[in-house]
Amino acid sequence: SEYQQPALDLAKKIGAQLAITQAALYNTSVVDGPGDGSSNVGGISDATNAKFSETGLEAITNDVLIDNKYRVDEIVWLKELLKSRKNLSEAESSENIQIYTKAVDNDQYQWGFQKVSFEGLDSEIFTVDCSSS
């Protein structure tokens, strides 16, 4: 689709391995646009990449992105992407950003290809089916 392919291409380019990162990129593409402008998924990703340097990155998972010639822990990168989105966000995207942030903060990011339940903003349980391709 118009939003899915740019998000998938970007996930592949940066080496995203976690479903939550791929889902967050897709959500960013849908809400903020699929382009490379500063407020679109490509521009937000570029701004996130610019925040990292070769040193000082704390490992949280074994999933490492390789972008900007630096090795960056995927969860650390995703947290920065979400912060960047929050700084640019419109009201309609803030709840999505909060849900992704809460899932990451609660270590609910090892989805694999299965049905996964995680807690939303008001302790409501959401189920996401990651089993279909």
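Bear in mind that the values in this text are calculations on the coordinates, not laboratory data. This is a predicted model, so every value here is computed, not measured. Cβ coordinates were reconstructed from backbone atoms using ideal geometry, including for glycine residues, and neighbour counts include every protein chain displayed.
Please list 43-51, 77-85 highest first by mean number of surrounding beta-carbon atoms within 10 Å per residue. Kindly include the intermediate steps, with their values, before the conclusion.
Numbers: 43-51: 18.1, 77-85: 21.3.
Per-residue mean Cβ counts within 10 Å order the peptides as 77-85, 43-51.
Pop the C-beta distance of A50 and Q17 into the FRET formula with R0 = 22 Å and round what comes out to the nearest 0.05.
Values: r = 22 Å, r/R0 = 0.98.
Working from the Cβ atoms, E equals 0.50.
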Query raised in the report: Of K79/K102; K12/K83; K51/K79; K13/K86, which pairs sit farther than 19 Å apart, going by alpha carbon to alpha carbon?
Result: K12/K83; K13/K86
